[in-house]
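Written out below as C-alpha coordinates is the structure these notes cover.
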Amino acid sequence: MKTIENIELAYLNANDYQALKDLMQVAYPDMKDLHWKKHEIEKLVSLFPEGQVVLKVNGELAGCALAVLQDDDITERAHTYNEITGNDSFKSHKKNGDLLYGIDVFIAPKYRGMRLARRLYDFRKELCEQLNLKGIAFGARMPKYHLHAEDLSTAQYLEKVKAKEIHDPVLNFQFNNDFHVKKILKNYLEGDAESLDHAVLMEWNNIHYEKPSAGPTARTKVVRVGLVQWQMRSYKDLDELMDQAEFFLDSISGYHSDFALFPEFFNAPLMAGNNALSEADAIRKLAEFTNEIVDRFAQLAMTYNINIITGSMPKIVNDKLRNVGFLCHRDGRLDQFEKLHVTPDEERVWGMEGGDSLRSFDTDCGKVGVLICYDVEFPELSRLLAEEGMDILFVPFLTDTQNGYSRVRNTAQARAIENECYVVMAGSVGNLPKVSNMDIQFAQSMVFTPCDFAFPSTGIKAEATPNAEMILVVDLDIDLLRELNEFGAVRNLKDRRLDLYNIIRR
(Lines give C-alpha, C1' and ligand atoms only; values in the text may rest on other atoms or scores of the structure.)
Protein backbone atom coordinates (compact mmCIF):
# COMPACT_ATOMS: atom_id res chain seq x y z
CA MET A 1 0.00 0.00 0.00
CA LYS A 2 1.28 3.48 -0.81
CA THR A 3 2.32 5.95 1.87
CA ILE A 4 -0.53 7.61 3.78
CA GLU A 5 -0.36 11.38 3.51
CA ASN A 6 -3.74 12.32 4.94
CA ILE A 7 -6.79 10.80 6.66
CA GLU A 8 -9.91 12.95 6.56
CA LEU A 9 -13.24 12.43 8.30
CA ALA A 10 -16.03 14.19 6.41
CA TYR A 11 -19.79 14.22 6.13
CA LEU A 12 -21.18 12.16 3.27
CA ASN A 13 -22.28 14.19 0.29
CA ALA A 14 -24.72 12.87 -2.31
CA ASN A 15 -22.11 13.83 -4.93
CA ASP A 16 -19.86 11.13 -3.43
CA TYR A 17 -22.23 8.42 -4.64
CA GLN A 18 -20.14 6.98 -7.47
CA ALA A 19 -17.12 6.62 -5.18
CA LEU A 20 -19.43 5.16 -2.53
CA LYS A 21 -20.84 2.66 -5.00
CA ASP A 22 -17.35 1.55 -5.99
CA LEU A 23 -16.48 1.15 -2.31
CA MET A 24 -19.59 -0.95 -1.64
CA GLN A 25 -18.74 -3.27 -4.52
CA VAL A 26 -15.31 -4.12 -3.10
CA ALA A 27 -16.48 -4.15 0.53
CA TYR A 28 -19.53 -6.38 -0.08
CA PRO A 29 -18.73 -8.40 -3.21
CA ASP A 30 -21.11 -11.22 -2.23
CA MET A 31 -24.03 -9.05 -1.07
CA LYS A 32 -24.87 -7.01 -4.16
CA ASP A 33 -28.58 -6.96 -3.34
CA LEU A 34 -27.78 -4.89 -0.26
CA HIS A 35 -25.91 -2.11 -2.07
CA TRP A 36 -27.40 1.34 -1.57
CA LYS A 37 -28.91 3.12 -4.55
CA LYS A 38 -28.29 6.78 -5.30
CA HIS A 39 -31.76 8.05 -4.45
CA GLU A 40 -31.64 6.17 -1.14
CA ILE A 41 -28.38 7.83 -0.15
CA GLU A 42 -29.71 11.23 -1.19
CA LYS A 43 -32.78 10.69 0.99
CA LEU A 44 -30.72 9.58 3.99
CA VAL A 45 -28.37 12.56 3.74
CA SER A 46 -31.29 14.96 3.51
CA LEU A 47 -32.98 13.51 6.61
CA PHE A 48 -29.97 13.16 8.93
CA PRO A 49 -26.81 14.68 7.40
CA GLU A 50 -24.74 14.68 10.60
CA GLY A 51 -25.17 10.92 10.97
CA GLN A 52 -23.58 10.03 7.61
CA VAL A 53 -19.78 10.20 7.49
CA VAL A 54 -16.95 8.96 5.30
CA LEU A 55 -13.22 8.50 5.74
CA LYS A 56 -10.87 9.51 2.96
CA VAL A 57 -7.28 8.33 2.74
CA ASN A 58 -5.11 10.46 0.45
CA GLY A 59 -8.36 11.85 -0.97
CA GLU A 60 -9.75 8.38 -1.79
CA LEU A 61 -12.97 7.14 -0.17
CA ALA A 62 -11.87 4.39 2.23
CA GLY A 63 -14.78 3.91 4.64
CA CYS A 64 -18.33 4.94 5.41
CA ALA A 65 -20.77 4.90 8.34
CA LEU A 66 -24.52 5.44 7.98
CA ALA A 67 -27.08 5.90 10.78
CA VAL A 68 -30.62 6.97 11.65
CA LEU A 69 -32.30 8.06 14.85
CA GLN A 70 -34.69 5.79 16.71
CA ASP A 71 -36.50 5.81 20.03
CA ASP A 72 -34.56 3.98 22.72
CA ASP A 73 -37.38 1.44 23.29
CA ILE A 74 -36.63 -0.17 19.91
CA THR A 75 -33.95 -2.20 21.71
CA GLU A 76 -36.53 -3.80 24.00
CA ARG A 77 -38.31 -5.69 21.25
CA ALA A 78 -37.54 -7.79 18.23
CA HIS A 79 -37.18 -5.89 14.97
CA THR A 80 -35.68 -6.24 11.51
CA TYR A 81 -33.28 -4.28 9.37
CA ASN A 82 -36.08 -3.42 6.96
CA GLU A 83 -38.09 -1.97 9.83
CA ILE A 84 -35.19 0.23 10.89
CA THR A 85 -34.59 1.53 7.37
CA GLY A 86 -38.26 1.73 6.42
CA ASN A 87 -37.57 -0.67 3.54
CA ASP A 88 -34.82 1.71 2.41
CA SER A 89 -37.19 4.69 2.40
CA PHE A 90 -36.02 5.88 5.86
CA LYS A 91 -39.55 6.90 6.77
CA SER A 92 -38.76 5.16 10.06
CA HIS A 93 -36.16 7.82 10.96
CA LYS A 94 -37.21 9.58 14.20
CA LYS A 95 -36.24 13.22 14.01
CA ASN A 96 -36.46 13.54 17.81
CA GLY A 97 -35.22 10.04 18.58
CA ASP A 98 -32.89 9.54 21.54
CA LEU A 99 -30.85 6.62 20.12
CA LEU A 100 -28.33 6.53 17.28
CA TYR A 101 -29.02 3.37 15.28
CA GLY A 102 -26.22 2.31 12.95
CA ILE A 103 -27.38 0.87 9.65
CA ASP A 104 -24.04 0.34 7.90
CA VAL A 105 -20.27 0.55 8.32
CA PHE A 106 -17.83 -0.64 5.69
CA ILE A 107 -14.13 -0.23 4.93
CA ALA A 108 -12.28 -0.82 1.65
CA PRO A 109 -10.36 -4.13 1.92
CA LYS A 110 -7.01 -2.50 1.11
CA TYR A 111 -7.42 -0.12 4.06
CA ARG A 112 -8.49 -2.70 6.63
CA GLY A 113 -6.19 -3.22 9.60
CA MET A 114 -5.60 0.54 9.96
CA ARG A 115 -8.22 1.07 12.70
CA LEU A 116 -10.36 3.17 10.37
CA ALA A 117 -13.55 1.51 11.58
CA ARG A 118 -12.65 2.53 15.12
CA ARG A 119 -12.49 6.16 13.97
CA LEU A 120 -15.99 5.87 12.56
CA TYR A 121 -17.31 4.40 15.81
CA ASP A 122 -15.47 7.03 17.84
CA PHE A 123 -17.22 9.65 15.71
CA ARG A 124 -20.57 8.05 16.49
CA LYS A 125 -19.80 8.15 20.22
CA GLU A 126 -18.85 11.82 20.02
CA LEU A 127 -22.02 12.54 18.04
CA CYS A 128 -24.09 10.89 20.78
CA GLU A 129 -22.50 13.18 23.34
CA GLN A 130 -23.00 16.26 21.17
CA LEU A 131 -26.68 15.44 20.51
CA ASN A 132 -27.25 14.18 24.07
CA LEU A 133 -28.43 10.77 22.90
CA LYS A 134 -28.78 7.76 25.19
CA GLY A 135 -26.41 5.66 23.14
CA ILE A 136 -25.78 3.62 20.01
CA ALA A 137 -27.41 0.40 18.82
CA PHE A 138 -27.14 -1.73 15.69
CA GLY A 139 -27.58 -5.27 14.48
CA ALA A 140 -24.09 -6.80 14.19
CA ARG A 141 -23.57 -9.51 11.60
CA MET A 142 -22.25 -12.95 12.56
CA PRO A 143 -20.16 -13.73 9.46
CA LYS A 144 -18.71 -17.01 10.78
CA TYR A 145 -21.96 -18.45 12.12
CA HIS A 146 -22.77 -20.44 8.99
CA LEU A 147 -19.65 -22.51 9.63
CA HIS A 148 -20.95 -23.60 13.05
CA ALA A 149 -24.74 -23.53 12.67
CA GLU A 150 -25.12 -27.33 12.54
CA ASP A 151 -23.49 -27.72 15.95
CA LEU A 152 -24.26 -24.47 17.75
CA SER A 153 -27.30 -22.35 18.42
CA THR A 154 -26.84 -18.61 18.01
CA ALA A 155 -26.57 -18.23 21.79
CA GLN A 156 -23.92 -20.96 22.02
CA TYR A 157 -22.01 -19.41 19.13
CA LEU A 158 -22.04 -16.06 20.86
CA GLU A 159 -20.71 -17.55 24.10
CA LYS A 160 -17.84 -19.24 22.26
CA VAL A 161 -16.97 -15.97 20.55
CA LYS A 162 -16.91 -14.24 23.94
CA ALA A 163 -14.67 -17.01 25.30
CA LYS A 164 -12.27 -16.54 22.34
CA GLU A 165 -12.92 -20.12 21.22
CA ILE A 166 -14.25 -18.82 17.88
CA HIS A 167 -12.86 -15.79 16.11
CA ASP A 168 -15.66 -13.64 14.68
CA PRO A 169 -14.11 -10.48 13.18
CA VAL A 170 -17.28 -8.38 13.51
CA LEU A 171 -18.27 -9.34 17.04
CA ASN A 172 -14.71 -9.27 18.37
CA PHE A 173 -14.31 -5.75 17.03
CA GLN A 174 -17.49 -4.62 18.77
CA PHE A 175 -16.49 -6.16 22.09
CA ASN A 176 -13.13 -4.40 21.88
CA ASN A 177 -14.89 -1.08 21.34
CA ASP A 178 -17.03 -1.14 24.49
CA PHE A 179 -20.22 -2.48 22.92
CA HIS A 180 -22.24 -5.09 24.80
CA VAL A 181 -24.85 -7.60 23.73
CA LYS A 182 -28.52 -6.70 24.20
CA LYS A 183 -30.14 -9.67 22.49
CA ILE A 184 -30.04 -11.90 19.43
CA LEU A 185 -32.31 -10.89 16.57
CA LYS A 186 -33.71 -13.65 14.37
CA ASN A 187 -34.54 -13.03 10.72
CA TYR A 188 -32.94 -9.62 10.99
CA LEU A 189 -31.22 -9.13 7.62
CA GLU A 190 -32.71 -11.06 4.76
CA GLY A 191 -30.01 -12.21 2.34
CA ASP A 192 -27.16 -12.37 4.86
CA ALA A 193 -26.23 -15.97 4.14
CA GLU A 194 -23.13 -15.97 6.33
CA SER A 195 -25.15 -14.97 9.40
CA LEU A 196 -28.14 -17.08 8.31
CA ASP A 197 -30.17 -13.84 8.53
CA HIS A 198 -29.40 -13.47 12.26
CA ALA A 199 -27.77 -10.54 14.04
CA VAL A 200 -26.60 -9.58 17.50
CA LEU A 201 -28.15 -6.39 18.80
CA MET A 202 -25.22 -4.43 20.23
CA GLU A 203 -25.39 -1.40 22.49
CA TRP A 204 -23.12 1.38 23.73
CA ASN A 205 -24.42 3.61 26.51
CA ASN A 206 -23.58 7.31 26.65
CA ILE A 207 -22.57 7.91 30.25
CA HIS A 208 -22.83 11.67 29.68
CA TYR A 209 -26.48 11.49 28.68
CA GLU A 210 -28.67 13.87 30.62
CA LYS A 211 -32.42 13.83 30.60
CA PRO A 212 -33.53 16.99 28.78
CA SER A 213 -34.53 19.79 31.12
CA ALA A 214 -35.23 23.49 30.98
CA GLY A 215 -31.99 24.33 32.77
CA PRO A 216 -28.48 24.53 31.29
CA THR A 217 -26.38 21.39 31.00
CA ALA A 218 -22.63 20.82 30.97
CA ARG A 219 -20.58 18.01 29.54
CA THR A 220 -17.08 17.02 30.63
CA LYS A 221 -14.22 16.95 28.17
CA VAL A 222 -11.56 14.38 29.06
CA VAL A 223 -8.24 13.90 27.27
CA ARG A 224 -6.34 10.64 27.79
CA VAL A 225 -2.55 10.77 27.62
CA GLY A 226 -0.04 7.93 27.52
CA LEU A 227 3.53 8.40 28.75
CA VAL A 228 6.37 6.12 27.64
CA GLN A 229 9.08 5.71 30.26
CA TRP A 230 11.62 4.37 27.79
CA GLN A 231 14.31 1.83 28.66
CA MET A 232 17.66 2.60 27.08
CA ARG A 233 19.06 -0.66 25.71
CA SER A 234 21.05 -1.87 22.73
CA TYR A 235 19.22 -2.15 19.39
CA LYS A 236 20.80 -3.76 16.37
CA ASP A 237 19.19 -1.32 13.94
CA LEU A 238 16.44 1.24 13.38
CA ASP A 239 13.82 -1.41 12.65
CA GLU A 240 14.30 -3.02 16.05
CA LEU A 241 14.10 0.34 17.82
CA MET A 242 10.89 1.27 15.99
CA ASP A 243 9.39 -2.14 16.74
CA GLN A 244 9.77 -1.30 20.42
CA ALA A 245 8.25 2.14 19.87
CA GLU A 246 5.30 0.58 18.03
CA PHE A 247 4.82 -1.91 20.86
CA PHE A 248 4.26 0.98 23.26
CA LEU A 249 1.97 2.79 20.81
CA ASP A 250 -0.10 -0.36 20.34
CA SER A 251 -0.46 -0.67 24.11
CA ILE A 252 -1.30 2.99 24.70
CA SER A 253 -3.77 3.19 21.81
CA GLY A 254 -5.42 0.05 23.16
CA TYR A 255 -6.57 2.24 26.05
CA HIS A 256 -8.04 4.74 23.53
CA SER A 257 -5.46 7.38 24.44
CA ASP A 258 -5.43 10.69 22.59
CA PHE A 259 -1.69 11.35 22.98
CA ALA A 260 1.51 9.35 23.36
CA LEU A 261 4.65 11.06 24.69
CA PHE A 262 8.19 9.74 24.13
CA PRO A 263 11.32 11.08 25.94
CA GLU A 264 14.10 13.34 24.74
CA PHE A 265 16.75 11.50 22.65
CA PHE A 266 14.95 8.15 23.00
CA ASN A 267 16.81 7.04 19.84
CA ALA A 268 20.26 7.50 21.42
CA PRO A 269 20.97 3.71 21.43
CA LEU A 270 21.52 3.93 17.66
CA MET A 271 24.77 5.81 18.37
CA ALA A 272 26.39 2.64 19.72
CA GLY A 273 27.61 1.66 16.26
CA ASN A 274 29.54 4.92 16.00
CA ASN A 275 31.11 4.96 19.45
CA ALA A 276 34.59 4.97 17.89
CA LEU A 277 33.86 8.44 16.52
CA SER A 278 34.02 11.61 18.56
CA GLU A 279 30.83 12.48 20.46
CA ALA A 280 30.18 15.37 18.06
CA ASP A 281 30.49 13.15 14.98
CA ALA A 282 28.49 10.30 16.54
CA ILE A 283 25.44 12.46 17.24
CA ARG A 284 25.58 13.86 13.71
CA LYS A 285 25.45 10.27 12.47
CA LEU A 286 22.40 9.80 14.70
CA ALA A 287 20.79 12.82 13.02
CA GLU A 288 20.80 10.88 9.74
CA PHE A 289 18.01 8.68 11.13
CA THR A 290 15.70 11.54 12.09
CA ASN A 291 13.76 11.98 8.84
CA GLU A 292 12.97 8.28 8.56
CA ILE A 293 11.95 8.05 12.22
CA VAL A 294 9.57 10.97 11.77
CA ASP A 295 8.08 9.42 8.62
CA ARG A 296 7.47 6.18 10.50
CA PHE A 297 5.92 7.95 13.48
CA ALA A 298 3.63 9.89 11.14
CA GLN A 299 2.35 6.62 9.69
CA LEU A 300 1.94 5.08 13.15
CA ALA A 301 -0.05 8.10 14.35
CA MET A 302 -2.63 7.49 11.63
CA THR A 303 -2.54 3.70 11.93
CA TYR A 304 -3.07 3.73 15.69
CA ASN A 305 -5.32 6.81 15.70
CA ILE A 306 -3.23 8.66 18.27
CA ASN A 307 -1.35 11.96 18.38
CA ILE A 308 2.34 11.26 18.95
CA ILE A 309 4.86 13.61 20.56
CA THR A 310 8.04 11.96 19.31
CA GLY A 311 10.27 13.15 22.13
CA SER A 312 13.27 14.79 20.51
CA MET A 313 16.08 13.90 18.12
CA PRO A 314 19.17 15.59 16.71
CA LYS A 315 18.63 17.26 13.36
CA ILE A 316 20.81 19.31 11.03
CA VAL A 317 19.05 22.62 10.33
CA ASN A 318 20.88 24.98 7.96
CA ASP A 319 24.15 23.16 8.68
CA LYS A 320 23.61 23.60 12.44
CA LEU A 321 22.92 20.78 14.90
CA ARG A 322 19.67 21.27 16.80
CA ASN A 323 17.52 19.30 19.22
CA VAL A 324 14.07 19.01 17.65
CA GLY A 325 10.89 17.04 18.08
CA PHE A 326 7.67 16.46 16.18
CA LEU A 327 3.95 16.34 16.86
CA CYS A 328 2.50 13.74 14.53
CA HIS A 329 -1.25 14.33 14.40
CA ARG A 330 -3.52 11.34 13.83
CA ASP A 331 -5.07 13.06 10.82
CA GLY A 332 -1.70 13.22 9.00
CA ARG A 333 -0.58 16.75 9.94
CA LEU A 334 2.97 17.26 11.18
CA ASP A 335 4.32 20.00 13.45
CA GLN A 336 7.91 20.58 14.61
CA PHE A 337 9.19 22.04 17.88
CA GLU A 338 12.74 22.91 18.97
CA LYS A 339 14.75 23.01 22.16
CA LEU A 340 15.51 26.70 22.64
CA HIS A 341 17.93 26.44 25.55
CA VAL A 342 20.59 23.78 25.06
CA THR A 343 22.47 22.70 28.16
CA PRO A 344 26.15 23.59 28.60
CA ASP A 345 26.97 19.92 28.07
CA GLU A 346 25.05 19.76 24.75
CA GLU A 347 26.89 22.83 23.52
CA ARG A 348 30.35 21.82 24.76
CA VAL A 349 30.36 18.11 23.80
CA TRP A 350 28.17 18.08 20.71
CA GLY A 351 28.35 21.62 19.39
CA MET A 352 24.55 21.88 19.52
CA GLU A 353 22.78 25.22 19.27
CA GLY A 354 19.35 26.36 20.46
CA GLY A 355 16.38 26.76 18.18
CA ASP A 356 14.51 29.96 17.45
CA SER A 357 10.83 28.98 17.28
CA LEU A 358 8.21 28.75 20.07
CA ARG A 359 4.52 28.15 19.47
CA SER A 360 1.54 26.20 20.70
CA PHE A 361 -0.25 23.61 18.57
CA ASP A 362 -3.93 23.14 17.78
CA THR A 363 -4.95 19.48 18.05
CA ASP A 364 -8.24 17.60 17.95
CA CYS A 365 -8.10 17.66 21.78
CA GLY A 366 -7.40 21.35 22.22
CA LYS A 367 -4.28 23.49 22.32
CA VAL A 368 -1.03 21.99 23.61
CA GLY A 369 2.57 23.07 24.02
CA VAL A 370 5.88 21.20 24.11
CA LEU A 371 9.06 22.22 25.92
CA ILE A 372 12.10 19.95 25.73
CA CYS A 373 13.77 19.22 29.08
CA TYR A 374 15.91 22.27 30.03
CA ASP A 375 13.38 24.64 28.42
CA VAL A 376 10.84 23.94 31.16
CA GLU A 377 13.24 25.56 33.66
CA PHE A 378 12.60 28.95 31.99
CA PRO A 379 9.12 30.14 33.11
CA GLU A 380 8.75 32.75 30.37
CA LEU A 381 8.30 30.05 27.71
CA SER A 382 5.36 28.27 29.29
CA ARG A 383 3.73 31.59 30.17
CA LEU A 384 3.80 32.62 26.50
CA LEU A 385 2.20 29.29 25.59
CA ALA A 386 -0.42 29.73 28.30
CA GLU A 387 -1.33 33.12 26.88
CA GLU A 388 -2.04 31.34 23.59
CA GLY A 389 -4.55 29.09 25.38
CA MET A 390 -2.45 26.00 26.10
CA ASP A 391 -4.21 23.35 28.25
CA ILE A 392 -1.53 20.64 28.31
CA LEU A 393 2.23 21.14 28.37
CA PHE A 394 4.27 18.12 27.27
CA VAL A 395 7.87 17.85 28.50
CA PRO A 396 10.06 15.14 26.96
CA PHE A 397 13.26 15.00 29.01
CA LEU A 398 16.56 13.18 29.53
CA THR A 399 18.48 13.44 32.80
CA ASP A 400 21.46 11.43 33.98
CA THR A 401 21.47 12.20 37.71
CA GLN A 402 18.85 12.75 40.39
CA ASN A 403 20.06 16.35 40.67
CA GLY A 404 19.26 17.01 37.02
CA TYR A 405 15.96 15.17 37.29
CA SER A 406 14.92 17.22 40.33
CA ARG A 407 15.52 20.46 38.44
CA VAL A 408 13.23 19.36 35.62
CA ARG A 409 10.63 17.82 37.90
CA ASN A 410 10.30 20.73 40.30
CA THR A 411 10.16 23.41 37.63
CA ALA A 412 7.64 21.37 35.60
CA GLN A 413 5.36 21.22 38.62
CA ALA A 414 5.70 24.95 39.10
CA ARG A 415 4.66 25.50 35.48
CA ALA A 416 1.38 23.62 36.14
CA ILE A 417 0.52 25.92 39.04
CA GLU A 418 1.63 29.16 37.37
CA ASN A 419 -0.20 28.54 34.12
CA GLU A 420 -3.27 26.61 35.33
CA CYS A 421 -2.51 23.75 32.99
CA TYR A 422 -1.58 20.08 33.04
CA VAL A 423 2.12 19.22 32.64
CA VAL A 424 3.01 15.78 31.27
CA MET A 425 6.69 14.75 31.42
CA ALA A 426 8.33 11.53 30.22
CA GLY A 427 11.96 10.43 30.43
CA SER A 428 14.31 7.52 29.81
CA VAL A 429 15.79 5.03 32.25
CA GLY A 430 18.62 2.51 32.13
CA ASN A 431 22.20 2.52 30.88
CA LEU A 432 24.03 2.71 27.55
CA PRO A 433 27.58 1.56 28.26
CA LYS A 434 28.55 1.74 24.57
CA VAL A 435 27.38 5.31 23.97
CA SER A 436 29.68 8.09 25.13
CA ASN A 437 28.03 11.02 26.90
CA MET A 438 24.75 9.04 27.14
CA ASP A 439 25.83 6.28 29.49
CA ILE A 440 23.40 6.65 32.43
CA GLN A 441 19.84 7.90 32.85
CA PHE A 442 17.51 8.61 35.76
CA ALA A 443 13.80 9.32 35.39
CA GLN A 444 10.39 9.22 36.98
CA SER A 445 7.71 10.25 34.51
CA MET A 446 4.92 12.35 35.99
CA VAL A 447 1.67 14.21 35.34
CA PHE A 448 1.20 17.44 37.30
CA THR A 449 -1.94 19.48 37.91
CA PRO A 450 -2.69 22.85 39.45
CA CYS A 451 -3.20 22.74 43.23
CA ASP A 452 -6.84 23.43 44.03
CA PHE A 453 -9.86 21.57 45.40
CA ALA A 454 -10.74 19.87 42.11
CA PHE A 455 -7.22 18.45 41.75
CA PRO A 456 -4.94 16.29 43.91
CA SER A 457 -3.74 18.29 46.92
CA THR A 458 -0.14 17.41 46.04
CA GLY A 459 -0.52 18.60 42.45
CA ILE A 460 0.52 15.12 41.26
CA LYS A 461 -2.07 13.37 39.10
CA ALA A 462 0.04 10.26 38.41
CA GLU A 463 3.63 9.10 38.67
CA ALA A 464 5.61 6.21 37.23
CA THR A 465 7.88 3.91 39.21
CA PRO A 466 11.36 5.50 39.25
CA ASN A 467 13.89 3.95 36.87
CA ALA A 468 11.56 1.23 35.56
CA GLU A 469 10.42 0.74 31.97
CA MET A 470 6.65 1.23 31.83
CA ILE A 471 3.76 3.24 30.45
CA LEU A 472 1.48 5.59 32.34
CA VAL A 473 -2.06 6.26 31.06
CA VAL A 474 -3.84 9.24 32.60
CA ASP A 475 -7.15 11.07 32.06
CA LEU A 476 -7.07 14.88 32.10
CA ASP A 477 -10.34 16.74 32.62
CA ILE A 478 -10.07 19.96 30.63
CA ASP A 479 -13.30 21.39 32.04
CA LEU A 480 -11.66 21.48 35.48
CA LEU A 481 -9.13 23.96 34.10
CA ARG A 482 -11.96 26.20 32.92
CA GLU A 483 -13.59 26.09 36.36
CA LEU A 484 -10.24 26.82 38.02
CA ASN A 485 -9.65 29.82 35.79
CA GLU A 486 -12.98 31.35 36.81
CA PHE A 487 -13.61 30.09 40.33
CA GLY A 488 -10.30 28.83 41.76
CA ALA A 489 -9.17 29.61 45.30
CA VAL A 490 -6.39 31.54 43.57
CA ARG A 491 -6.29 32.54 39.91
CA ASN A 492 -2.71 32.75 38.78
CA LEU A 493 -3.51 33.82 35.24
CA LYS A 494 -6.23 36.33 36.03
CA ASP A 495 -4.46 37.90 39.00
CA ARG A 496 -1.26 38.90 37.22
CA ARG A 497 -0.38 42.59 37.61
CA LEU A 498 -0.16 43.38 33.92
CA ASP A 499 -0.09 47.06 34.84
CA LEU A 500 3.37 46.40 36.33
CA TYR A 501 4.90 43.66 34.18
CA ASN A 502 4.40 41.61 31.05
CA ILE A 503 6.26 39.19 28.79
CA ILE A 504 6.91 40.53 25.30
CA ARG A 505 7.70 38.12 22.48
CA ARG A 506 10.40 39.43 20.15
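Among all residues of segment 457-468, there is at least one that is crowded, with 20+ Cβ neighbours inside 10 Å, in the same structural domain as ASN307 (by TED's automatic domain parsing) and modelled with pLDDT of 95 or more.
Scan segment 415-430 and give yes if some residue there is at pLDDT below 95 and either in contact with a Gly (Cβ under 9 Å, 6 or more places away or on another chain) or surrounded by fewer than 24 Cβ atoms within 10 Å (Cβ to Cβ) (or both), otherwise no. Yes, segment 415-430 contains a residue that is at pLDDT below 95 and either in contact with a Gly (Cβ under 9 Å, 6 or more places away or on another chain) or surrounded by fewer than 24 Cβ atoms within 10 Å (Cβ to Cβ) (or both). Of all residues in segment 448-506, those being closer than 21 Å to HIS256 by Cα and in contact (Cβ under 8 Å) with a residue 60 or more places away in the chain number 12.
When ASP362 is tested against (1) loosely packed, with under 15 Cβ neighbours inside 10 Å; (2) at pLDDT below 95, exactly one condition is not met: (2). Beta carbons closer than 9 Å, at least 6 apart along the sequence or on distinct chains, pair a first residue in segment 361-376 that is over 15 Å from ASN410 (Cβ atoms) and of a type outside the set (Val, Ile, Thr) with a second that is part of a helix (DSSP H, G or I) and modelled with pLDDT of 95 or more for LYS367/LEU385; GLY369/LEU381; GLY369/SER382; GLY369/LEU384; GLY369/LEU385; GLY369/ALA386. Could you check LYS164 against (1) in contact (Cβ under 8 Å) with a residue 40 or more places away in the chain; (2) on the phi > 0 side of the Ramachandran plot and say which number it fails? For LYS164, the failing item is (1). When the criteria are applied in full, PHE442 fails the requirement of being surrounded by 23 or more Cβ atoms within 10 Å (Cβ to Cβ) and either touching a strand residue (DSSP E or B) at 6+ places or on another chain (Cβ under 8 Å) or on the phi < 0 side of the Ramachandran plot (or both). Each residue in segment 88-118 was checked for being among the β-branched types (Val, Ile, Thr) and assigned to a helix (DSSP H, G or I), and 0 of them qualify.
Counted as qualifying within segment 382-432 are the strands (runs of 3 or more DSSP E) with 1 or more residues that are over 25 Å from THR363 (Cα atoms), namely 428-431.
Here are ALA298, ALA272: which of them is assigned to a helix (DSSP H, G or I), at pLDDT 95 or above and not charged (D, E, K, R)?
Step by step, each of ALA298, ALA272 is checked, and only ALA298 is assigned to a helix (DSSP H, G or I), at pLDDT 95 or above and not charged (D, E, K, R).
On inspection, VAL200 fails the criterion of being under 22 Å from ASP30 (Cα atoms), modelled with pLDDT under 95, hydrophobic (A, V, I, L, M, F, W, C) and under 29 Å from the mean Cα position of the chain (by Cα).
Is one or more of the residues making up segment 471-487 assigned to a loop (DSSP other than H, G, I, E, B) and either more than 26 Å from the chain's Cα centre (by Cα) or surrounded by fewer than 19 Cβ atoms within 10 Å (Cβ to Cβ) (or both)? Checking segment 471-487: not a single residue is assigned to a loop (DSSP other than H, G, I, E, B) and either more than 26 Å from the chain's Cα centre (by Cα) or surrounded by fewer than 19 Cβ atoms within 10 Å (Cβ to Cβ) (or both).
Residues of segment 149-184 that are surrounded by 15 or more Cβ atoms within 10 Å (Cβ to Cβ), assigned to a loop (DSSP other than H, G, I, E, B) and in contact with a Lys or Arg (Cβ under 8 Å, 6 or more places away or on another chain): LEU152, ILE166, ASP168, ASN177.
Considering only segment 144-161, state which residues are of a type in the set (Ser, Thr, Tyr) and either in contact with a Cys (Cβ under 7 Å, 6 or more places away or on another chain) or without any contact (Cβ under 8 Å) to a residue 40 or more places away in the chain (or both). Result: SER153, TYR157. Applying the criterion of being acidic (Asp, Glu) and in contact (Cβ under 8 Å) with a residue 12 or more places away in the chain to the residues of segment 238-278, the residue that is surrounded by the most Cβ atoms within 10 Å (Cβ to Cβ) is GLU264. Within segment 365-386, being over 25 Å from the mean Cα position of the chain (by Cα) and surrounded by fewer than 20 Cβ atoms within 10 Å (Cβ to Cβ) holds for GLU377, PHE378, PRO379, GLU380, LEU381, ARG383, LEU384. Residues of segment 334-358 that are touching a residue at least 24 places away in the same chain (Cβ under 8 Å) and either farther than 18 Å from LEU398 by Cα or outside the structural domain of SER436 (by TED's automatic domain parsing) (or both): LEU334, ASP335, LEU358.
Residue pairs, Cβ under 9 Å, 6 or more apart or interchain, first in segment 296-319 and over 25 Å from ARG224 (Cα atoms), second β-branched (Val, Ile, Thr) and buried (at least 24 other Cβ atoms within 10 Å of the Cβ). List them. Partner pairs satisfying both residue conditions: PRO314/ILE283.
Does ARG141 count as in contact (Cβ under 8 Å) with a residue 60 or more places away in the chain, of a type in the set (D, E, K, R) and in the same structural domain as ALA14 (by TED's automatic domain parsing)? Here the answer is no, as ARG141 does not meet what is asked.
The values are calculated or read from the model by the stated rules, or taken from the named source; none is laboratory data. This is a predicted model, so every value here is computed, not measured. A quick note on method: Cβ atoms are made from the backbone with ideal geometry, for glycine too, and the neighbour counts reach across all protein chains shown.
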